[in-house]
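Worksheet for the structure shown next.
The values are calculated or read from the model by the stated rules, or taken from the named source; none is laboratory data. If you're wondering where the values come from, they're calculated on a predicted model, not measured in any experiment. Counting neighbours? That spans all protein chains shown, and the Cβs are built from the backbone with ideal geometry, glycine included.
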Amino acid sequence: MPELRKDPIIGRWVIIATERAKRPDQFGGQAEEGPAEKPCPFCEGKESETPKEIYSIRPKNTPKNGPGWELRVVSSVAPLLMVEGDLDRQGQGLYDLMNGVGAHEVVIETNQHIGNMADLSDEQISKVITCYIDRIVDLEKDQRLKYVLVFKNHGWIAGGGRIKHSRSQLIATPVNPKRVKEELAGAHQYFQYHERCIFCDLIKQELESKDRLILEIDGFLAITPFATRFPFEVWILPKKHSCDFTALDPSMRLDLGRVIKKVLMKLKKGLNDPPYNYILHTAPFRRAKEGYWKTIDQDYHWHIEIMPRLTRVAGFEWGTGFYICPLTPEAAAKFLREVEV
Amino acid sequence: MSELRRDPVGGRWVIVDTDHPSKPEDFEHEPHGWRGGVCPFCYGNESLTPTEIDSFRDPNTAPNTSGWQVRVVPNKFPALQIEGDLDRRGIGIYDMSNGIGAHEILVETPYHHKDLSDLLNEEVEKILTMCCRRSADLVKDKRFKYIMIFKNFGPAAGASLEHPHTQIIALPLIPKNPMEEIKGAQNYFEYRERCVFCDIIRQELQEKKRIIFENKHFLSFCPSVSRFPFEIWIMPKKHQSYFYNMPPDEIPGLAVILKDTVTRVKKVFANPAYNFMVHSSPANTDTVLESYHWHIEFMPKLTRVAGFEWGTGFYIVPTPPELAATYLRA
């Protein structure tokens, strides 16, 4: 019998379609080849081919926009949102619009031509984490901005384009995005009733049942969510409550790097290097606004969502917002637990 | 500078790239890589599908044999199952229930290679009539709260079989996206006592910038707040809340505009994958008939939804709908 499961945070239902279920090992090896690879502008020595450096981790004696760096952030070649200009909010009849003010940056995670973050070292991933934090903190200074989404598109199917050099992106928006608002509202509602963080409750339940637990290392755990949208969707959460990713203690960054690497390696090895997206959900910039964000420190909990792209989102999902997942998260977790990395 | 636009119904913001708009030739084309093999939807293979639910067929032909024009069968791999109880239950903080519902496949034509644009108007009318007839039958089951009719064409759009087909899913609850639309429309109605969709039609007809085609009863246009490049909405001009209760004499007009939409998209893009879905009012619930207006959302599959869209629910539209409409009108 197929099951309907509800995400406890935002209330989204999913169908766990047991009738069309495949075995976990039937999902891998389908990776589709996209169009031919493009020459890489992100390798060391090609600095002049990117827009100017916004941030870098490099030895003091190396010049900006020159070689010698370990990690670089540049603005996107085709930025969707731009820092210059005014929002200029206006209405046109029924429609509201404003200028696309914001920021769109690319984090080049390594100076080597490595395609998958899974192949970076724990230390290098921890530098990527430090970079995310530094960039978010810097963007917060711009009063027009409300949220920064950190995300990664790996592989052609996941929107990774034709350049195979491991990188992530940051987009800062002048409005709080819908998905983020839903999560915040769901967590807030739960807190008002229970006076507990819903994510902390979820972590407790997952650690007790262990059905969906992939790994637990140091201060973090990786699980497949109960109401999973995609086969092998993985969430990484800090065990200790914190709403704000930028508050992550420097001593924890290497641990998080290790967890991310382990999870990505398991996906790569177990599912034959699948395309994937990941996103970081953290608290928005807490600008002074009456009656808002009073309990966000207590009710929200940052986390990372990783979505391998093994199934296609089709008309049903677009039309309903209802996802059909052909694999139970319990089977996915068991499979990933058993992949040795 | 790009533009942020807010959808007046659901309140969703999208980013429209008005600065460097993508032209049709800028989208990387993904060829349809079909697997081939025996097709369960072709004439002579009727025994390969589950037992027929309904069909339009030649007189003197028996169900589950050839001679049909449109044929509806249960999905062999249903996402939901028709027998049983919902049996809602909780496990700690989690809620769940059994996957009760119906999942039917409407085979649109006996011809394996004919898409909607290749069919005669009368053939498209039969498909639409059958969609209405199946919906009306399914809502008799009081467990069902929402009927979703949609089509996936091409592997990139999620179709696993090549033979053109539409799917009908009956759900035991109102899903999230239609619910948001319904609530948004209700809020708008409470404040203004007008249907937001009727207002959209009025504004689109006035501005004319995004209109593609219209006939007596229907209008097709690129919505101001599209989520996807070349997204097209088809709407009845007169306020109607239920797709499947549409007056039968309006079906020919809908067939013409739906076929026109597919034909125009195929003129701009060579054999694109696409999805469309019918958004209608929920069934078996107290709905506000005055505030919701059924429509079809049609999207060619040109871009890949990636991390940003998943993480934010914010969509990036590389081609402004005004520009898309000029290509589609040409």
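Any residue in the range A:325-341 that is away from chain B (no Cβ under 11 Å), of a type in the set (A, V, I, L, M), closer than 23 Å to A:Pro24 by Cβ and surrounded by fewer than 16 Cβ atoms within 10 Å (Cβ to Cβ)? Checked the range A:325-341: at least one residue is away from chain B (no Cβ under 11 Å), of a type in the set (A, V, I, L, M), closer than 23 Å to A:Pro24 by Cβ and surrounded by fewer than 16 Cβ atoms within 10 Å (Cβ to Cβ). The residues of the range B:24-47 that are closer than 30 Å to B:Trp233 by Cβ and away from chain A (no Cβ under 14 Å), listed by number, are B:Pro24, B:Glu25, B:Phe41. Of all the numbered requirements in (1) of a type in the set (Lys, Arg); (2) assigned to a helix (DSSP H, G or I); (3) within 13 Å of chain B (Cβ to nearest Cβ), A:Lys262 misses one, and that requirement is (3).
I'd like to check something: does the range B:250-266 contain any residue that is within 18 Å of B:Glu322 (Cβ to Cβ) and touching a His at 6+ places or on another chain (Cβ under 9 Å)? No.
Determine which member of the set B:Thr285, B:Thr319 is more than 16 Å from B:Ser220 (Cβ to Cβ), polar (S, T, N, Q) and within 14 Å of another protein chain (Cβ to nearest Cβ). Matching residue, one of B:Thr285, B:Thr319: B:Thr319.
Summed over the range A:23-51, the residues that are assigned to a loop (DSSP other than H, G, I, E, B), modelled with pLDDT under 80 and surrounded by 14 or more Cβ atoms within 10 Å (Cβ to Cβ) give a count of 4.
Total residues in the range B:303-328 satisfying the condition of being in contact with a strand residue (DSSP E or B) (Cβ under 9 Å, 6 or more places away or on another chain), within 22 Å of B:Asn271 (Cβ to Cβ), modelled with pLDDT of 85 or more and not β-branched (Val, Ile, Thr): the figure is 4. The number of residues in the range B:258-291 that are over 16 Å from the mean Cα position of the chain (by Cα) and of a type in the set (Phe, Trp, Tyr) comes to 1. For the range A:148-178, a residue qualifies if it is more than 22 Å from A:Arg309 (Cα to Cα) and either more than 8 Å from chain B (Cβ to nearest Cβ) or at pLDDT 95 or above (or both), and the qualifying residues are A:Val148, A:Ala172, A:Asn176. Remark: B:Glu214 matches the filter, which requires a residue to be free of Cβ contacts under 8 Å to residues at least 60 places away in the same chain, acidic (Asp, Glu) and either touching a Ser or Thr at 6+ places or on another chain (Cβ under 8 Å) or farther than 30 Å from B:Ile53 by Cβ (or both). Selection over the range A:191-203 of residues that are more than 9 Å from chain B (Cβ to nearest Cβ), part of a helix (DSSP H, G or I) and not polar (S, T, N, Q) gives a count of 6.
Mind checking which residues of the range A:76-94 are at the interface with another protein chain (Cβ under 9 Å from one of its Cβ atoms), surrounded by 12 or more Cβ atoms within 10 Å (Cβ to Cβ) and either aliphatic (A, V, I, L, M) or in contact with a Cys (Cβ under 9 Å, 6 or more places away or on another chain) (or both)? If the condition is that a residue be at the interface with another protein chain (Cβ under 9 Å from one of its Cβ atoms), surrounded by 12 or more Cβ atoms within 10 Å (Cβ to Cβ) and either aliphatic (A, V, I, L, M) or in contact with a Cys (Cβ under 9 Å, 6 or more places away or on another chain) (or both), then A:Leu80, A:Leu81, A:Met82, A:Leu87, A:Leu94 are the ones that fit.
Per-residue answers, yes or no, for (1) under 30 Å from B:Leu254 (Cα atoms); (2) surrounded by fewer than 17 Cβ atoms within 10 Å (Cβ to Cβ); (3) touching a strand residue (DSSP E or B) at 6+ places or on another chain (Cβ under 7 Å):
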residue	(1), (2), (3)
B:Gly44	no, yes, no
B:Glu52	yes, no, yes
B:Pro59	yes, yes, no
B:Ala79	yes, no, yes
B:Gly92	no, yes, no
B:Ile105	yes, no, yes
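Total residues in the range A:210-234 satisfying the condition of being hydrophobic (A, V, I, L, M, F, W, C) and away from chain B (no Cβ under 13 Å): the figure is 9.
Results for (1) within 11 Å of chain B (Cβ to nearest Cβ); (2) touching a strand residue (DSSP E or B) at 6+ places or on another chain (Cβ under 7 Å); (3) closer than 30 Å to B:Gly154 by Cβ; (4) in a loop (DSSP other than H, G, I, E, B), shown as yes or no for each residue.
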position	(1), (2), (3), (4)
A:Lys269	no, no, no, no
A:Asn272	no, no, yes, yes
A:Lys289	no, no, no, yes
A:Gln298	no, no, no, no
A:His301	no, yes, no, yes
A:Glu305	yes, yes, yes, no
A:Phe316	yes, yes, yes, no
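Filtered by the rule that a residue be among the acidic types (Asp, Glu) and either closer than 30 Å to A:Phe316 by Cβ or crowded, with 24+ Cβ neighbours inside 10 Å (or both), the range A:206-233 gives A:Glu206, A:Asp211, A:Glu233. Of the candidates B:Arg143, B:Arg133, the single residue that is surrounded by fewer than 21 Cβ atoms within 10 Å (Cβ to Cβ) and either within 14 Å of chain A (Cβ to nearest Cβ) or assigned to a strand (DSSP E or B) (or both) is B:Arg143.
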